[in-house]
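*Asks:* Let me begin by handing over the structure; questions about it come next.
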Amino acid sequence: MTLTSAWLLECSESFSIAISDHEMVEYVQSPVCYGIPATPPYCNSVMFWQNDFIPVMDVAGVNKTATEQANDIVCILNYQVAPMLPLQSIAVRANKAPEKIQVDDQLACDFPQEISASILSNIVLSSFTHADQSVLVLDIPKLCSAEFRQLANASR
Amino acid sequence: MDTKILAVMSFDGCHLLLPQQSVQTIEVIGNLDRQTDTAGAIGNLKSAGREWPAFALTADLKPYLECPESYKFCVAFNLGVDAAFTIVCEEVSTVTVDNSNEIKPLQTCMRTSGNPIEALLLRDNKLMMVSDIEAMQQFLLKDVAA
């Protein structure tokens, strides 16, 4: 049995993702977000953070045509597209503050059926069970890529 | 130091920035000819013997079919020697950017094929959206008109 620590991010009541320690930066309550026109519905606003604009993403909204944007918390994540490239950041909407958990590799499970059938399956690295719910581990650089944006656009 | 002067067109709560050097003329809405063949446009501005299709946009960059009363100014832009387009807005001003690092490119995950917004700028707690003439022309005459 191998235990790994991670952050559990509840993106919606039925959808949670796990973020590794090195990706999680901080969470922000009631961020000031600015809407940007003509952008994907799941990523249609930015917030100003550390002297830069970072995209605010509703991962649970990837499969929807419009996001509800009721969540009042965002988690700032760092990612790196390739070694030696600078770190980039995004904000991911969450229902509540992230929770530190221990992930047992024996709890790995198949993707939930609704994920297998969705475009999110293109960016899921693995999934595991926590508190009787499936939790996804996403490839964050792929989530932020032009390829995924085109896939999401084509699926609407 | 690379100083940029950008024209700021404010409407519907948003601030759209385009290069000041491309501004052909600024006129009041009363000078607009409301006859136009351009889809999505609310009229044509006639200047220097040419016609500049005029667009009044919402904050979502969708075209208004009827120009709101608060939209009072027409800013016509040149694309080289060619007439390009006119943006109808509530206020027009300029912003000077001394430090190009202030202008932040829109990140990859937010870019869509029809999006004319290329970068963002924060001034006085206001988000400003930076475009360029070619991208805006393509957006107005292709996407808005569609």
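*Asks:* In square angstrom, rounded to the nearest 10, how much accessible surface does A:R156 have for a 1.4 Å probe?
*Replies:* Its heavy atoms expose roughly 100 Å² to the probe.
*Asks:* Once label points are set 7 Å from the Cα along Cα→Cβ at both B:K46 and A:D72, what is their separation, rounded to one decimal in nm?
*Replies:* With each label placed 7 Å out from Cα toward Cβ, I get 5.7 nm.
*Asks:* Using Cα-Cα distances under 8 Å and only pairs 6 or more residues apart, what relative contact order does the range B:66-146 have, in percent?
*Replies:* 21
*Asks:* Determine which lysines satisfy two conditions relative to B:K126: a Cα distance under 26 Å, and not lying fewer than 8 residues away in the same chain.
*Replies:* B:K4, B:K62, B:K72, B:K104
*Asks:* I've got another one for you. Indicate the gyration tensor shape class of the range A:1-94 (rounded, prolate or oblate), computed on the Cα atoms with a ≥ b ≥ c the square roots of the eigenvalues: a/c under 1.5 is rounded; otherwise a/b larger than b/c is prolate and the rest oblate.
*Replies:* Numbers: a/c = 1.74, a/b = 1.22, b/c = 1.43.
The shape class here is oblate.
*Asks:* Carbon and sulfur together cover what percent of the accessible area of the range B:1-129 at a 1.4 Å probe radius? Please list the in-between numbers first.
*Replies:* On the way: 2800 of 6240 Å².
Carbon and sulfur atoms account for 45 percent of the accessible area of the range B:1-129.
*Asks:* Rounded to the nearest 0.05, what FRET efficiency is calculated for A:L107 and B:N101 with R0 set to 51 Å and r the Cβ-Cβ distance?
*Replies:* Values: r = 45 Å, r/R0 = 0.89.
The calculated FRET efficiency here is 0.65.
*Asks:* Please compute the average number of Cβ atoms from other chains found within 10 Å of each residue's Cβ in peptide A:30-42.
*Replies:* Mean partner shielding for this stretch: 5.
*Asks:* Between B:A41 and residues 5 or more places away or on another chain, which pairs have amide H atoms under 5 Å apart, with H built 1.01 Å from N, and which residues are they?
*Replies:* Counting only residues 5 or more places away or on other chains, the set is empty.
*Asks:* Could you work out, residue by residue across B:56-69, how many beta carbons of other chains sit within 10 Å of that residue's beta carbon, and then give the average as an integer?
*Replies:* Rounded to a whole number, the mean comes out at 1.
*Asks:* Can I ask one more? If r is the Cβ-Cβ distance from B:E66 to B:D124 and R0 is 30 Å, what FRET efficiency results, to the nearest 0.05?
*Replies:* Details: r = 31 Å, r/R0 = 1.03.
About 0.45, to the nearest 0.05.
*Asks:* Toward the positive end of the charge dipole of the range B:45-121, about the Cα centre and with charges on Cβ (Lys, Arg +1; Asp, Glu -1), which of B:I103, B:N78, B:A59 goes farthest?
*Replies:* B:N78
*Asks:* Here is a follow-up. Taking only protein heavy atoms and a 1.4 Å probe, what accessible area per residue, in Å², does the range A:13-156 have with all protein chains in place?
*Replies:* Ligands and nucleic acids excluded, the figure is 50 Å² per residue.
*Asks:* Using a/c under 1.5 as the rounded threshold, could you call the range B:2-100 rounded, prolate or oblate? The axes a ≥ b ≥ c are square roots of the C-alpha gyration tensor eigenvalues, and prolate needs a/b larger than b/c, oblate otherwise. List each step's numbers first, then the result.
*Replies:* Details: a/c = 2.05, a/b = 1.32, b/c = 1.55.
Taking the square roots of the gyration eigenvalues as a ≥ b ≥ c, the range B:2-100 is oblate.
*Asks:* Using a 10 Å cut-off on Cβ atoms, rank the peptides A:35-46, B:128-139, A:115-126 from the highest mean neighbour count down. Before the final figure, lay out the partial values.
*Replies:* Details: A:35-46: 21.3, B:128-139: 18.8, A:115-126: 15.8.
Per-residue Cβ counts within 10 Å, averaged per peptide and sorted highest first, yield A:35-46, B:128-139, A:115-126.
*Asks:* What are the aspartates and glutamates whose alpha-carbon lies under 19 Å from the alpha-carbon of B:K142, with same-chain residues fewer than 8 places away excluded?
*Replies:* B:D37, B:E51, B:D60, B:D82, B:E118, B:D132, B:E134
*Asks:* Moving on to the next point. Is the range A:48-156 best put as rounded, prolate or oblate by its Cα gyration tensor, with a ≥ b ≥ c the root eigenvalues, rounded for a/c under 1.5, and otherwise prolate when a/b is larger than b/c, oblate when not?
*Replies:* On the way: a/c = 1.35, a/b = 1.22, b/c = 1.11.
Cα axes put the range A:48-156 in the rounded bin.
*Asks:* Which of the GluC sites (Glu not before Pro) across the range A:77-156 are loop residues per DSSP, with 13 or fewer other Cβ within 10 Å?
*Replies:* none
*Asks:* Can you give the extra length, in nm with one decimal, that the chain gains between A:R156 and A:Q133 once fully stretched, where that is 0.36 nm per residue apart less the Cα-Cα distance?
*Replies:* Working: separation 23, 0.36 × 23 = 8.28 nm, distance 2.70 nm.
Gain on stretching A:R156 to A:Q133: 5.6 nm.
*Asks:* To the nearest 100 Å², how much accessible surface do chains A and B hide from each other in total, with a 1.4 Å probe?
*Replies:* Numbers: alone 8650 and 7950 Å², together 14840 Å².
For chain A against chain B, roughly 1800 Å² becomes buried.
The values are calculated or read from the model by the stated rules, or taken from the named source; none is laboratory data. What you are looking at is a predicted structure, and each value in this text was computed from that prediction instead of being measured. Virtual Cβ from ideal backbone geometry, glycine too; neighbours counted across all protein chains shown. Areas reflect the complete protein model, heavy atoms only, side chains present, ligands, DNA and RNA absent. Shrake-Rupley method; radii C 1.70, N 1.55, O 1.52, S 1.80 Å.
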